[in-house]
1. Once neighbouring chains are kept in place and the probe is 1.4 Å, which whole percent of the accessible area of region 9-66 is contributed by carbon and sulfur?
2. From the helices alone, meaning DSSP H stretches of at least four residues, give me the mean residue ellipticity at 222 nm for the chain, per-run term -39500 (n - 2.57), in deg cm²/dmol to the nearest 500.
3. Search the structure for amide H atoms under 5 Å from the amide H of residue 34, placed 1.01 Å from N in the peptide plane, and list their residues when 5 or more places away or on another chain.
4. Quick query: amide H of residue 45 versus all other amide H atoms, modeled in the peptide plane; which residues come in under 5 Å with a sequence gap of 5 or more or a different chain?
5. Around residue 104, which amide H atoms from residues at least 5 apart in sequence, or from another chain, sit under 5 Å from its own amide H, with H modelled in the peptide plane?
6. What whole-number value in Å² describes the accessible area per residue of region 1-70 for a 1.4 Å probe?
7. Full-extension gain between residue 36 and residue 16, please, as 0.36 nm times their residue separation minus the C-alpha to C-alpha distance.
8. Which option, [x] 9.2; [y] 9.5; [z] 6.5, is the value of mean projected area of the Cα convex hull in nm² that was calculated from these coordinates?
Amino acid sequence: ERMISAGFAVEVEDVDQEVLWAMKDGLGITSDLSGCHTALIGDYFVEGHVPAREIQRMLAEAPNARGLTVPGMPMGSPGMGAAGTGDPYEVLLVLNDGTTQVFASYA
């Protein structure tokens, strides 16, 4: 619902855990980068509770990278309680070599 509200066309596919982890593995999403949702947007993946504005920014900037992730399920991230009321968290840009850099920080 949040992604639709942000203007994205959304197609949801519910898959079993074995299929999901095989897909994450194929995308280079390691367990330490994993969140609870995996999405494909263009040539990028979006993993976990990534704010829509960071996805829009990534698409506009078109970095040479695999995608974005918010590992785990931090409170205060989209869908995990009210914004600004939970834990600080970072949105990580996953580069093609598997390393990460901070794309955005939320407190």
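1. On the way: 1830 of 3710 Å².
For region 9-66, the apolar C and S fraction of the accessible surface comes to 49 percent.
2. Values: 3 runs with 25 residues, N = 107.
It lands at -6500 deg cm²/dmol.
3. The answer is 72.
4. Those lying under 5 Å, H to H, from residue 45 are 67, 68.
5. 91
6. Values: 4440 Å² over 70 residues.
Result: 63 Å² of accessible area for each residue.
7. Working: separation 20, 0.36 × 20 = 7.20 nm, distance 1.27 nm.
Stretched fully, the residue 36-residue 16 segment lengthens by 5.9 nm.
8. Only one listed value fits the structure, namely [z].
The values are calculated or read from the model by the stated rules, or taken from the named source; none is laboratory data. Fair warning: this is a prediction, and the values are worked out from it, not measured in the lab. Neighbour counts run over all protein chains shown; Cβ positions are idealised from the backbone, glycine included. Side chains included, ligands, DNA and RNA excluded: accessible areas come from the protein's heavy atoms. Shrake-Rupley method; radii C 1.70, N 1.55, O 1.52, S 1.80 Å.
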